[in-house]
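Encoded as structure tokens, the structure appears first; notes follow it.
The values are calculated or read from the model by the stated rules, or taken from the named source; none is laboratory data. On a predicted model such as this, the values are computed, not experimentally measured, just so you know. Here the Cβ positions follow ideal geometry from the backbone for every residue, glycine too, while neighbour counts run over all protein chains shown. With ligands, DNA and RNA removed, areas are computed over all heavy atoms of the protein, side chains included. Shrake-Rupley method; radii C 1.70, N 1.55, O 1.52, S 1.80 Å.
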Amino acid sequence: MDPKDVDLKNRPSRATEAFFGRRRGKTIRPQQAAALESGFSTYRIDLTAAQPADLRSLFEANVRAIHLEIGFGGGEHLLHRATAAPETGFVGVEPFVNGMAKLMMAVRERPLANLRVYDDDATRLLDWLPPASLDGIDLLYPDPWPKKKHWKRRFVSPVNLDRFARVLKSGGSFRFASDIDSYVNWTLLHCRAHEAFEWQAEEAADWQWPYEGWPGTRYEAKAIREGRRPAYLTFVRRYAYSKRA
């Protein structure tokens, strides 16, 4: 398999509704291309297949809950959680081929029966998923699009929060982490304005503490080195919400 071609197959040539980032970086090595090809045959979710009645059937493991991570980067956090919680199914979305290649290299060495991946626009996966099928969604250090004219490209938006509300179970969580103050404030305002979500914070300092069992990420480490304080927000999908569910 030609490493130059591995990220071109079945990929749109321009950004789709909610994906504006780049899809490739440095040319991947032959062994990474091989890991992608073999890994996709095992782990990649095929959206041309019928929507499963029970999302747990996607996994080889007998899982009790399912969590989605949107934009997993190199997969460090996703691998940590999937390894630590074998009875939970994890779905990771990452359109950037170099990040996906890194993850597929890792699971080639240590396979995970509770993992599935998708390598395109997360909104396509969200629209394919059955209603109330997820126990949690993580959006960790997403592209902040810091220029005001690009804020409309931020993944947190009313339409995507509608998508989250549809696929999350009542009581399910949406977790958001970022080191960019304007995006943190943006997310707080959008989630507090949405009927489906309730911010889980008992005091002002709660957002400063990482999630339980948090392994950290390389993006977070860079932010701290450069003097930016990360924020960790958790929103719960309200039980009473039913407008768009």
Please verify whether ARG81 is modelled with pLDDT under 95 and open to solvent by 30 Å² or more (accessible area, probe 1.4 Å), treating the condition exactly as stated.
no
If you go through LEU126, LEU115, the only one that is buried (at least 19 other Cβ atoms within 10 Å of the Cβ) and within 20 Å of ALA196 (Cα to Cα) is LEU126
Just one listed residue, out of PHE174, PHE164, PHE197, is more than 16 Å from the chain's Cα centre (by Cα) and under 15 Å from TYR241 (Cβ atoms), and it is PHE197
Evaluate the following for GLU203: is it more than 29 Å from PHE59 (Cβ to Cβ) and either of a type outside the set (Phe, Trp, Tyr) or crowded, with 18+ Cβ neighbours inside 10 Å (or both)?
yes
Only one of (1) open to solvent by 50 Å² or more (accessible area, probe 1.4 Å); (2) in contact with a helix residue (DSSP H, G or I) (Cβ under 8 Å, 6 or more places away or on another chain) does not apply to ALA101, and that is (1)
For a quick check of your reading of the model, give me the residue pairs whose first member lies in the range 135-146 and is touching a residue at least 60 places away in the same chain (Cβ under 8 Å), whose second is part of a loop (DSSP other than H, G, I, E, B), with beta-carbon atoms closer than 6 Å and at least 6 apart or on different chains.
PRO142/GLY71; PRO142/PHE155; ASP143/GLY21; TRP145/ARG154
Among (1) at pLDDT 95 or above; (2) open to solvent by less than 30 Å² (accessible area, probe 1.4 Å), the one test that PRO142 misses:
(1)
Tell me which residues, restricted to the range 197-216, are at pLDDT below 90 and under 25 Å from ARG163 (Cα atoms).
ALA201, TRP207
Of everything in the range 1-55, what is outside any loop (DSSP other than H, G, I, E, B), modelled with pLDDT under 90 and open to solvent by less than 40 Å² (accessible area, probe 1.4 Å)? Give them in sequence order.
GLN32, ALA33, ALA35, LEU36
